Amino acid sequence: MCSLGSSMAACSKRNLANLSVDEFLTSTFDSDTNGDSEGDDSAVEDENKSSKSGGKAAEPKAVGKRPEKQKSAAREHKEQLSRLREKDPEFFKFLEQNDQKLLNFDDTDTSEDEENVVHVLPEKLEVASDDEEDEEQQLTPKSKKAELISVTNRMVDKWKIEVENKLTFKLFHDIVMAFKGAVSTTRGGDGSEESGKYKVDDTTVFNSLVSFCIRDLFLALQKLLQLKPGRDRKKVLLPASSPRWPKIRQDISTYLSGLIQLLSSLTEATVVGAVLRHVLHLVPYYLCFPKHTRLLLKQTINQWSTGEETVRVLAFLILNKICRQKQDAYLNLVLKIMYVAYVKNCKFTSPNVLPLINFMQRTLTEMYSLDTQITYQHAFIYIRQLAIHLRNAMTMKKKETYQSVYNWQFIHCLFLWCRMLGTLYPNEVLEPLIYPLTQVIIGCIKLLPTARYYPLRLHCIRALTLLSDSTKTFIPVTPFLLEVFQQVDFNKKPGRMSFRPINFAVVLKLSNVNLQEKAFRDGLIEQLYDLTLEYFHTQAHTIAFPELVLPLAIQWARHNTVHRLLEKEEKAIALAPRWHRDPPQFPCSLEEKADQALD
């Protein structure tokens, strides 16, 4: 009996080495089926007989020509199976039992014929137009945009009612997606790519949706998370402690990032203030997302340094609240960015800008008071930078180096550190910075001791007086006041009259024309008078007070300025009440006033 192995052995008996090249090319070998071996042997025998009889081998057909009658693959396979049935009936029976698919081959299969069919070109070729290409390219964005749901006032009103009744996770998700779609329009486009599920096309819908989220959504969110207040009221309760937090975390993240984007695009001060009030309540939520917190800090510092008065106050409250809760993570970064913003925004000084600069000084000092160790590091570095600028100006003596010191940024930085050291006094960590700061201010006065820079000198004297009074440190300010009396002759007739007084509070230097005006001398003597009273007020309780007063009393008498002091006696009493227990009788000499101050 023949088996599958015997048929395979019979197939391997073919000796291809006995065939010539022409015989090999004209022979057909089918390696797809094993039952085909005997058909191949018969074909080889027929070829051998034809070669022995002297017949010529069939020449190979030219490549590319198709035979007139070519058998299909199905028909050829069917003939092979019939030959296999005659030669090896047992193997054929084995195939019937195990592989019916092979025997039931469909003879209607014309895949090979279809592959060999020659494609006929059309008579006319059509070229695609540019409009059709544009339509194909814009098909996907248009379909996406068509899928977005437009938010209407009815939807917003419906959400308001549902939120008042009960806020659910699905409802909160829909409101956040609508808020995201509204905020995406503030980037300048329609925001279809990143708006998500909804889109907002109408300005009234935008205003109603944003105001609804700012006013009503926060309280409902608190109820949804079921937050319980902790025992320590000083520490903010983070909403991440709620068991429902994982279900709503992603939506809250989307909402918080939308608020930051909204802050960056708003320009109206009242709207910015309303959003900042909302953000102030959401600080615990921001603390759960460090990335959003850093973005919020940068945006809030920008509002703190450039916004309106109310906006600045709200921005400072947000900064202070974040740094108090996460001091280790954000305080160092916030102080650095706030100082850079302060220096950047005090480049120019005017009567309108000066109150805002003073506000930044006070609030920045409040931030420095949170951690004196970090404050010392910052103050040491920045005071050292000021000293380096001063040293370069004193050694190089060029116009560029002088301008690096004699500018508003340098002066306002000096005032900032004087205010900070005075506010945080007494403090053992910060006290070593008093001396180097004093030396920098004195060096700034001595850099260019000319009459043109008297306003800058007066600012430095005021800073030294502030530092001396707040830190209970003696700083010799009197010589810098006496130097002005020695350089300016106040009894000399002015060269020209002026109609406008000089505002020394917003001026650093004067022109040559200003030095010849009467307004310059009147304003200078008034500034000297005020600074003298302020400084003597800080030293009135010391035993060295008579020695401090005497040199200035002599200079005032020499320049015939005593009558100016008598005209402003009421102002002197208001500024230095410790000098006078009872108002003196006019007229009186300065020596008598000094004796009365000692009593």
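Mind counting the residues in segment 334-368 that are within 24 Å of P432 (Cα to Cα) and either at pLDDT below 95 or open to solvent by 50 Å² or more (accessible area, probe 1.4 Å) (or both)?
So the answer is 4.
Can you name the condition, by its number, that L295 falls short on among (1) farther than 28 Å from Q361 by Cβ; (2) hydrophobic (A, V, I, L, M, F, W, C); (3) surrounded by 14 or more Cβ atoms within 10 Å (Cβ to Cβ)?
Tallying (1) farther than 28 Å from Q361 by Cβ; (2) hydrophobic (A, V, I, L, M, F, W, C); (3) surrounded by 14 or more Cβ atoms within 10 Å (Cβ to Cβ), L295 fails exactly one: (1).
Could you check segment 382-399 and list, in sequence order, the residues that are among the aliphatic types (A, V, I, L, M) and open to solvent by less than 90 Å² (accessible area, probe 1.4 Å)? If you could, list the steps in order and put the result at the bottom.
Kept after step one, since they are among the aliphatic types (A, V, I, L, M), are these residues of segment 382-399: 383, 386-388, 390, 393-394, 396.
Selection gives I383, L386, A387, I388, L390, A393.
Say we look at segment 500-553 and pick out the residues that are open to solvent by 20 Å² or more (accessible area, probe 1.4 Å), of a type in the set (A, V, I, L, M, F, W, C) and in contact with a Ser or Thr (Cβ under 7 Å, 6 or more places away or on another chain); which of these is farthest from V405 (Cα to Cα)?
Looking at residues that are open to solvent by 20 Å² or more (accessible area, probe 1.4 Å), of a type in the set (A, V, I, L, M, F, W, C) and in contact with a Ser or Thr (Cβ under 7 Å, 6 or more places away or on another chain), I get L548.
Mind listing whichever residues of segment 288-315 are acidic (D, E) and part of a loop (DSSP other than H, G, I, E, B)? Even if it seems obvious, please write down each step before you answer.
So in segment 288-315, the residues acidic (D, E) come out as 308-309.
Within segment 288-315, E308 is the sole residue that qualifies.
Of the residues that make up segment 509-519, is at least one under 24 Å from R462 (Cα atoms), outside any helix (DSSP H, G or I) and in contact with a Leu (Cβ under 7 Å, 6 or more places away or on another chain)?
Checked against the condition, which is being under 24 Å from R462 (Cα atoms), outside any helix (DSSP H, G or I) and in contact with a Leu (Cβ under 7 Å, 6 or more places away or on another chain), segment 509-519 yields at least one hit.
Tell me which residues, restricted to segment 154-172, are surrounded by 12 or more Cβ atoms within 10 Å (Cβ to Cβ), among the aliphatic types (A, V, I, L, M) and part of a helix (DSSP H, G or I).
Once the filter is applied, which keeps residues that are surrounded by 12 or more Cβ atoms within 10 Å (Cβ to Cβ), among the aliphatic types (A, V, I, L, M) and part of a helix (DSSP H, G or I), segment 154-172 yields M155, V156, V163, L171.
Can you name the condition, by its number, that F480 falls short on among (1) hydrophobic (A, V, I, L, M, F, W, C); (2) free of Cβ contacts under 8 Å to residues at least 40 places away in the same chain; (3) assigned to a loop (DSSP other than H, G, I, E, B)?
(3)
Counting only residues that are among the aromatic types (F, W, Y) and at pLDDT below 90, which one in segment 174-231 is surrounded by the most Cβ atoms within 10 Å (Cβ to Cβ)? Working first, answer last.
If we filter segment 174-231 for residues that are among the aromatic types (F, W, Y), which is where we start, we get 179, 198, 206, 212, 218.
Of the ones still in play, those that are also at pLDDT below 90 are 198, 218.
Details: Y198: 21, F218: 13.
Looking at the filtered set, the residue picked out is Y198.
The values are calculated or read from the model by the stated rules, or taken from the named source; none is laboratory data. Owing to the predicted nature of the structure, the values given are computational and were not obtained by experimental measurement. Note that each Cβ is placed from the backbone with ideal geometry, even for glycine, and that neighbours are counted across all protein chains shown. These accessible areas exclude ligands, DNA and RNA; they are computed on the full protein's heavy atoms, side chains included. Shrake-Rupley method; radii C 1.70, N 1.55, O 1.52, S 1.80 Å.
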